[in-house]
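Derivation of every value follows stated rules applied to the coordinates shown; laboratory data play no part. In this text the structure is predicted, and so the values were computed from the model without any measurement. Note that we place each Cβ from the backbone using ideal geometry, even for glycine, and neighbour counts take in every protein chain shown.
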Amino acid sequence: MTDGSEPQQDDTYRAPVGSVDLKAFDEDGDSYEIRACHDCLPWYAEVVVVAGEVLVREWYAVGCPQFQELIRH
């Protein structure tokens, strides 16, 4: 693209998805609030137990800016 704008990301229900596992509880044992992603339609979350730890697995469109930010860290 010559105008310097970013290409449009696929954020539809047909977009390829990826996941990230996040802690379900903070250091004090309080649960985190989960809010839906407003940048992609395929977002959803599930609770999983991995190696005895309760995690929240969030699924995003791989091109979603929120997902890209999470996997960078």
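A simple rule links phi to the HN-Hα coupling: the Karplus curve 6.51 cos²θ - 1.76 cosθ + 1.60 with θ = phi - 60°, which for the stretch 24-41 gives 8, 9, 7, 5, 8, x, 7, 6, 7, 7, 10, 10, 5, 6, 8, 9, 8, 6 Hz, with x for Gly and Pro.
Between S31 and V54, what is the label-point separation in nm under the 7 Å Cα-to-beta-carbon projection? Here the answer is 0.7 nm between the modelled labels.
Over the stretch 19-71, the pair-distance histogram of Cα-Cα distances with 5 Å bins from zero comes to 4, 20, 28, 23, 15, 8, 2 percent, rounded to whole numbers.
A simple rule links phi to the HN-Hα coupling: the Karplus curve 6.51 cos²θ - 1.76 cosθ + 1.60 with θ = phi - 60°, which for the stretch 55-72 gives 10, 10, 9, 9, 10, 9, 5, 4, x, 5, x, 5, 5, 4, 5, 5, 7, 6 Hz, with x for Gly and Pro. Database note for the chain: Cys without another Cys beta carbon under 4.7 angstrom, C37. Each Lys and Arg Cβ is given +1 and each Asp and Glu Cβ -1; about its Cα centre, the stretch 18-73 then shows a dipole of about 300 debye. Placing unit charges on each Cβ (+1 for Lys and Arg, -1 for Asp and Glu) gives the stretch 19-71 a dipole about its Cα centre, and among G52, P65, L22 the Cα reaching farthest toward its positive end belongs to P65.
In terms of the mean number of neighbouring beta-carbon atoms within 10 Å, the peptides 21-30, 51-60 order highest first as 51-60, 21-30.
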